[in-house]
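One structure is given below, encoded as structure tokens.
The values are calculated or read from the model by the stated rules, or taken from the named source; none is laboratory data. Keep in mind it's a predicted model, so treat the numbers as computed, not measured. Here Cβ is always computed from backbone atoms with ideal geometry, including for glycine, and neighbour counts include all displayed protein chains. Protein only, heavy atoms only, side chains kept; ligands, DNA and RNA dropped before computing areas. Shrake-Rupley method; radii C 1.70, N 1.55, O 1.52, S 1.80 Å.
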Amino acid sequence: MPCKTKSVCSKLQQHRCKYQPVLPAILQKGPAAVKAKLGKATKSVADQATVKKMFPNTYGLPEITFVKGANSAVAKKAVRVGVVLSGGQAPGGHNVIAGLLDGLKKANSKNKLFGFLGGPSGIVDNKFIEITPALMKDYRNTGGFDLIQSGRTKIETDEQLCAAKDNLLANKMDALVVVGGDDSNTNACVIAEYLKQQGVDVTVIGVPKTIDGDLKNAQIETSFGFDTATKIYAEMVGNICRDVNSARKYWHFVRLMGRSASHIALEVAFKTQPNVVLIGEEVLAKKMTLAQVVDYLAGIIAKRAEMGKNFGVCLVPEGLIEFIPEMKELIAALNDMLSDHEAELAKMTTVAEKKEFIISKLPAKLAALMKSLPAGIASQLMLDRDPHGNVQVSLIETEKLLVEMLRVKLAEMKKAGKYNGKFSAITHFFGYEGRCGVPSTFDANYTYALGYNAAVLALNKCSGYLSSVRKLTKKAKDWECGGIPLTMMMNIERRKGKEKPVIRKALVELKGEPFKFLAKNRGEWALTESYIFPGPIQYYGPEDVTDMTTITLAFEQAKKRK
């Protein structure tokens with residue numbers, strides 16, 4: 001609810017609402033002082049012919065860089081712009097809306113901004129509110145998406161696209177800004193293409209959002225929310241590191257969000273220097289089996305035990321299971337089998353009965369793997385389904401799976417005289433705790449700039465573009481602004497049996513500077529207590545504390561500057 005009185009608003013929130021984000025210098029005089037400089041025509045990252053065929057009206061657009069210059073045309077006509085928050089929450093969403101509102105009002109005080117409620121379904125169902133400066137006042141620099149909420153509906157069927165078009169026209173919208181991750185911005189591009197095909201003059205702009213950090217490339221250096229979320233997780237992991245170094249009797253296994261990529265685990269590792277961090281992309285590249293992952297962990301636990309250290313901290317990315325080739329194969333087989341034998345399984349009353357039936361239908365290798373899994377994990381694989389009938393991998397408690405298998409492995413090693421320690425484990429999952437936090441100063445500035453930049457793109461009718469703010473390791477006033485064609489980031493992937501255009505997810509690059517730093521230092525971290533205790537996000541104090549960005553980005557940008 002809006003923070004209307006001091007009694008319902010924390011002292012921190014009262015002060016953060018007053019914070020004025022730093023705009024890049026290029027935007028500080030408003031949209032009428034900015035011109036779009038067009039670069040070369042672009043092409044998609046892969047599958048160019050197919051993507052071009054799917055997006056004939058929005059493919060090949062040039063990159064845009066904003067430069068100083070008189071542009072009074074953007075202020076002549078009052079416009080109506082809609083904004084929608086799509087997908088999971090990420091710190092800073094409210095500041096995107098604030099920047100968008102301020103950019104529009106700076107161009108023309110009669111411009112209006114409307115927020116579609118509950119995500120993309122709000123567009124289809126025609127549910128929205130006007131976002132006024134008075135309403136926005138209490139949401140500036142706050143966490144969450146609660147001003148207009150979010151949702152995961154995709155506007156992709158003919159009926160949905162037609163409804164969206166009709167509602168945008170009925171409400172005389174001149175532009176739509178979609179704030180979301182790779183899937184949401186792919187959907188934004190689909191809408192932009194559809195509207196152009198229909199001859200509808202409504203501009204569609206995307207804004208890069210996801211705490212997972214997997215929406216990035218040379219033009220989009222990071223998605224918003226990643227900085228804040230990893231700082232929140234790092235504080236908690238750092239607290240655990242301090243506790244483990246004090247008590248010295250437990251192994252803590254911490255699962256962190258990030259299903260499709262391990263960026264969060266890697267960044268939190270940089271901030272805290274735990275004894276172990278598993279990187280899914282490395283596991284995949286090495287084609288490690290689940291047993292090999294367990295062996296790797298057991299080896300480190302045994303070495304520390306030899307040193308009298310029966311304690312430690314291990315970070316596990318949420319999507320680890322899907323990076324293990326044999327587990328991915330098992331999950332795919334289970335998806336098919338549970339669908340093919342749905343009627344037979346429905347007649348079975350016990351989990352044990354279902355497990356035996358499934359094992360009898362699996363190939364020998366996968367049957368053996370299924371048998372090796374702890375009962376609880378096997379049950380999750382069989383029972384937890386999404387609306388499409390697939391295994392809900394994100395619900396699999398990977399950290400508990402590893403602990404259970406380690407107990408068995410270490411017991412075997414103890415019998416063989418290869419381990420003489422004591423293994424007591426505690427598990428954690430840090431996920432939703434990081435998605436709606438008060439944005440860090442970096443994210444507060446970045447999201448405000450992304451929203452203001454999106455307003456400039458919308459006013460210049462740059463449909464099919466993603467708001468891009470670059471050079472992020474510099475001071476905020478020195479950031480560069482512009483737009484990147486959404487089709488430029490696309491490739492074709494097979495989804496639900498069909499070829500679908502999607503923005504390519506950015507995985508941890510094993511040849512990149514961030515991973516190289518981990519590879520160089522993890523041997524020392526494994527056997528020592530090199531823990532770092534980052535503490536909570538600081539909003540007031542020295543700039544090198546309040547304005548710091550992610551270590552991952554610092555590594556990546558340092559490489560570019562060489």
*asked:* Tell me whether region 281-288 contains one or more residues that are open to solvent by 10 Å² or more (accessible area, probe 1.4 Å), farther than 20 Å from Leu510 by Cα, basic (Lys, Arg) and out of contact with any Ser or Thr (no Cβ under 9 Å at 6 or more places or on another chain).
replied: no
*Could you list all residues from region 193-204 that are part of a helix (DSSP H, G or I) and open to solvent by less than 10 Å² (accessible area, probe 1.4 Å)?*
Glu193, Leu195
_Residue tally, condition within 25 Å of Gln14 (Cβ to Cβ) and of a type in the set (Lys, Arg), over region 429-473_ = 1
*Among the residues of region 401-409, is there at least one that is crowded, with 24+ Cβ neighbours inside 10 Å and either within 18 Å of the chain's Cα centre (by Cα) or polar (S, T, N, Q) (or both)?*
no
*Which of (1) in contact with a helix residue (DSSP H, G or I) (Cβ under 6 Å, 6 or more places away or on another chain); (2) basic (Lys, Arg); (3) at pLDDT 95 or above does Arg242 not meet, given it meets every other one?*
(1)
*Pull up region 9-28, narrow it to residues that are outside any loop (DSSP other than H, G, I, E, B), open to solvent by 10 Å² or more (accessible area, probe 1.4 Å) and not hydrophobic (A, V, I, L, M, F, W, C), then point me to the one that is nearest to Gly541 (Cα to Cα).*
His15
*From the list Val207, Val237, Val190, pick out the single residue that is under 30 Å from Phe423 (Cα atoms), under 23 Å from the mean Cα position of the chain (by Cα) and modelled with pLDDT of 95 or more.*
Val237
*Only one residue in Gly451, Gly483, Gly464, Gly431 is under 30 Å from Asn335 (Cα atoms) and open to solvent by less than 10 Å² (accessible area, probe 1.4 Å). Which one?*
Gly431
*asked:* If Val79 satisfies all but one of (1) over 19 Å from Ala170 (Cα atoms); (2) in contact (Cβ under 8 Å) with a residue 60 or more places away in the chain; (3) open to solvent by 10 Å² or more (accessible area, probe 1.4 Å), what's the number of the condition it fails?
replied: (1)
*asked:* Looking at region 118-131 only, could you name the residues that are within 10 Å of Ser86 (Cα to Cα) and open to solvent by 10 Å² or more (accessible area, probe 1.4 Å)?
replied: Gly118, Ser121
_Flag for Tyr540 being open to solvent by 50 Å² or more (accessible area, probe 1.4 Å) and of a type outside the set (Gly, Ala, Ser)_ = yes
*Return yes or no: is Leu161 out of contact with any Leu (no Cβ under 8 Å at 6 or more places or on another chain), open to solvent by 10 Å² or more (accessible area, probe 1.4 Å), closer than 30 Å to Lys505 by Cβ and outside any loop (DSSP other than H, G, I, E, B)?*
yes
*Tally time: how many residues in region 289-325 are of a type in the set (Lys, Arg) and either open to solvent by less than 10 Å² (accessible area, probe 1.4 Å) or under 21 Å from the mean Cα position of the chain (by Cα) (or both)?*
1
*Scan region 246-291 for residues that are assigned to a helix (DSSP H, G or I), touching a strand residue (DSSP E or B) at 6+ places or on another chain (Cβ under 9 Å) and polar (S, T, N, Q) and jot them down.*
Thr272
*Complete set of residues in region 53-80 that are touching a helix residue (DSSP H, G or I) at 6+ places or on another chain (Cβ under 6 Å), among the β-branched types (Val, Ile, Thr) and outside any loop (DSSP other than H, G, I, E, B)*: Val74
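Conditions (1) at positive phi; (2) open to solvent by 50 Å² or more (accessible area, probe 1.4 Å); (3) modelled with pLDDT under 95, marked per residue:
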residue	(1), (2), (3)
Gly30	yes, no, no
Asn57	no, yes, no
Ile64	no, no, no
Ile97	no, no, no
Gly115	no, no, no
_Scan region 175-192 and tell me whether some residue there is open to solvent by 50 Å² or more (accessible area, probe 1.4 Å) and not in a helix (DSSP H, G or I)._
no
